[in-house]
């Protein structure tokens, strides 16, 4: 994996059901910690965007473009929000992910490098290069 | 569910690397379709720039982030390949836009999610406080 990426990184927060086990005081504490964390990263110029997502939505899939309910709110895998990070290395992004206040409660943070261009376009380039080789 | 959301919607593209099976011509056609689709939505003020994600990464979990695992795996059908933010007012319109996405013809799925104005934790915390007040009345 590249350890340098000029396009930044995305943190995807996974888990929608973990807050149910918390007391109101714990919830308030985690919320305050999370907000302070995001504010600090924004002030440092390390976070450029971030948003929570409502727990429910719809899934559109396949050739027939079928619409179904989902993801289920209680899913451990469902995405609850994201941060977009402007840091230069993968290690920096992972270090930030490890500060996530939700981790002790079961939240999982996916760290993904942002691509410079659409994967379709880079696939096409590879095919053209192979054809010309 | 609210069908109105002034914070917009997020489209999360979920798929395997299905495009690896396409020929050069098919790929070029799809790229052109995607470009035209996105340019139209942007011109209408309905889409903001999205991003594609590399098919690599790690997942951090556990207290103090002590577990760092490779993944998601590129071949996973559930892996997120990119996202788009829509500035439209109803989930119906966001769904219609997702349905018009050129890549869907080849499989995969798109998750349509309302963006929250504030953290759901805050909202839940207020609800609990209200419930407590009612009990104490």
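The values are calculated or read from the model by the stated rules, or taken from the named source; none is laboratory data. In this text the structure is predicted, and so the values were computed from the model without any measurement. Cβ placement follows ideal geometry from the backbone for every residue including glycine, while neighbour counts extend to all protein chains displayed.
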- Task: Have a look at B:35, B:29 and point out the one that is out of contact with any helix residue (DSSP H, G or I) (no Cβ under 8 Å at 6 or more places or on another chain), surrounded by 14 or more Cβ atoms within 10 Å (Cβ to Cβ) and outside any loop (DSSP other than H, G, I, E, B).
- Result: B:35
- Query: Restricting to segment A:108-121, what's the tally of residues that are touching a residue at least 24 places away in the same chain (Cβ under 8 Å) and touching a helix residue (DSSP H, G or I) at 6+ places or on another chain (Cβ under 6 Å)?
  - Reply: 2
- Item | Residue in segment A:50-58 that is at pLDDT 90 or above, under 28 Å from residue B:17 (Cα atoms) and more than 8 Å from chain B (Cβ to nearest Cβ) present | yes
- Message: Please determine whether any residue of segment B:38-45 is crowded, with 18+ Cβ neighbours inside 10 Å and part of a loop (DSSP other than H, G, I, E, B).
- Response: no
